[in-house]
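Right, one structure below, let's go through it.
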Amino acid sequence: MQGCSGKLANLTSHAASPPEQPGPGAPASLLARHGARQQVRSQGSRRGRFDCWFVNASHLLNGALVFLGCFCVSCRSLPPLPPADLSALGWQVQQGQAIWKPTRERPELAGELLLATSRSGDFFLQFSKTPFTLATAQVMSGQWQIEFGSGDYFRRGRGEPPPRFGWFQLPLALGGATLARDWRFERTDASFWRLSNQRTGESLEGSFFP
């Protein structure tokens, strides 16, 4: 199996394909998103082991649509969870970088990872690639919430979060807890870890800064 560090090196050698140009009759919202992507691209990507390639919005939205068809319908009438106060006493915050493969068929996405856990077992996890938020998962006071993008696609519920998503499994894996069926966690070396689902092909691998 190719290690995380080797895969990251391979990803840095691949450039993103140019985005499709919106037609003259495209909606204003699409033109605005296209302009934002072009502006970000003009600034150049920061170089580093994990800054592998630019993630465009179409990859995110397509991946979200695949996900939303793969897990049970939850109560969308629940109010959204309040923003987590990560500066409050009892929260431990870790930051790092990771590679996410949403399904076996989807391409890998590289980005920044933030994980905050509390003594009560609540957690807040966010995966992003400036200027996009790709995925956010949160568990607080017996309620769970997962969002893709800037909240355009989401599900909320009470009780145990759905085991389908690696974002809910990662905090458990890092804490040494038992994972849901089909999930496997391993440390590829002293600092890198990998979480994968043998059935769906979804995987997360990365490391946190010291």
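Screening Leu170, Leu113, Leu125 for residues that are aliphatic (A, V, I, L, M) and either under 24 Å from Pro79 (Cβ atoms) or exposed (fewer than 13 other Cβ atoms within 10 Å of the Cβ) (or both) leaves exactly one candidate, Leu125.
Inside segment 80-92, residues that are farther than 14 Å from Arg119 by Cα and free of Cβ contacts under 8 Å to residues at least 60 places away in the same chain make up a count of 2.
Being surrounded by fewer than 17 Cβ atoms within 10 Å (Cβ to Cβ), outside any strand (DSSP E or B) and at pLDDT 95 or above: is that true of Gly201 here? Criteria met by Gly201. Taking segment 149-164 only, how many residues are buried (at least 21 other Cβ atoms within 10 Å of the Cβ) and either among the basic types (Lys, Arg) or assigned to a helix (DSSP H, G or I) (or both)? Going through segment 149-164 one residue at a time, the tally reaches 1. Applying the condition of being in contact (Cβ under 8 Å) with a residue 40 or more places away in the chain and not in a helix (DSSP H, G or I) to segment 165-192 and asking which residue is nearest to Gln97 (Cα to Cα) yields Phe192. Candidates Ala135, Ala84, Ala88: the one that is modelled with pLDDT of 95 or more and either within 17 Å of the chain's Cα centre (by Cα) or not basic (Lys, Arg) (or both) is Ala135. On the basis of being assigned to a strand (DSSP E or B), of a type in the set (A, V, I, L, M, F, W, C), within 23 Å of Asn197 (Cα to Cα) and under 18 Å from the mean Cα position of the chain (by Cα), does Val93 make the cut? In short, no.
The values are calculated or read from the model by the stated rules, or taken from the named source; none is laboratory data. Small disclaimer: the values here were computed from a predicted structure and weren't measured. Methodologically, a virtual Cβ is constructed for each residue, glycine included, from the backbone with ideal geometry; neighbour enumeration extends over all protein chains shown.
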